[in-house]
1. Per DSSP H run of at least 4 residues, take -39500 (n - 2.57); add these up for the chain, divide by its residues and hand me the 222 nm value, nearest 500 deg cm²/dmol.
2. With the crude spin-label approximation of a point 7 Å out along Cα→Cβ, what separation in nm comes out for Arg3 versus Thr81?
3. What size of dipole, in debye to the nearest 20, comes out for the chain about its Cα centre when the only charges are +1 on Lys and Arg C-beta atoms and -1 on Asp and Glu C-beta atoms?
4. For Lys13, list the aspartates and glutamates whose Cα falls under 17 Å from its own Cα; do not include residues on the same chain fewer than 8 positions away.
5. Excluding same-chain residues fewer than 8 positions from Lys109, which lysines have a Cα within less than 28 Å of its Cα?
6. Under 15 Å from the Cα of Lys111, which aspartates and glutamates turn up, not counting those fewer than eight places away in the same chain?
7. Across the Cα atoms of segment 23-96, what radius of gyration and what greatest pairwise Cα-Cα distance (Dmax) are found, in Å?
Amino acid sequence: MERIVTLQDMQDKTDEWIRTYGVRYFSELTNLALLVEEVGELARVMARKFGEQSFKEGETENLSEEMADILFVMTCLANQTGVNLTEAMNETFLKKTRRDGERHLNNNKLK
């Protein structure tokens with residue numbers, strides 16, 4: 001499989017995969033439910049790796065797989081709803097820089 005290098009590449013590759021192998025996108029509400037499910041799977045792994053829970057027999061420490069599953073479903077939702085993730089992320093970085101540009105640097109709790 002070819003490498004994805006930009007968010008737009010990720011959106012294009014996801015759309016290509018859906019149209020080739022997935023037949024069509026699931027509904028937006030179904031994909032939202034799938035996103036919540038994938039976040040729950042990541043939470044389970046995090047609780048076992050970094051929290052007090054232990055892995056069950058046969059479970060694996062698959063953080064990257066769970067994070068990639070979340071990105072895949074998020075990309076499906078972006079494609080379905082017309083969100084350009086590159087533009088959205090650029091706006092988010094601008095917003096966070098304006099809002100938090102000094103706040104975290106001056107937070108003694110983070111030092």
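1. Details: 4 runs with 68 residues, N = 111.
That calculation yields -20500 deg cm²/dmol at 222 nm.
2. For the pair Arg3/Thr81, the computed spacing is 3.1 nm.
3. Details: 15 positive and 20 negative charges, 132 e Å.
Computed about the Cα centre, the dipole is about 640 debye.
4. Counting by Cα, and skipping residues close in sequence, Lys13 has these aspartates and glutamates nearby: Glu2, Asp69.
5. Within the straight-line limit of under 28 Å, Lys109 reaches these lysines: Lys49, Lys95, Lys96.
6. Those aspartates and glutamates meeting the cut-off are Glu102.
7. Here Rg and the maximum Cα pair distance are 15.2, 45 Å.
FYI, it's all coordinate maths here, none of it is from the lab. All figures in this text were calculated on a predicted structure; none of them were measured in a lab. Positions of Cβ are generated from backbone atoms using ideal geometry, with glycine treated the same way; all protein chains shown enter the neighbour counts.
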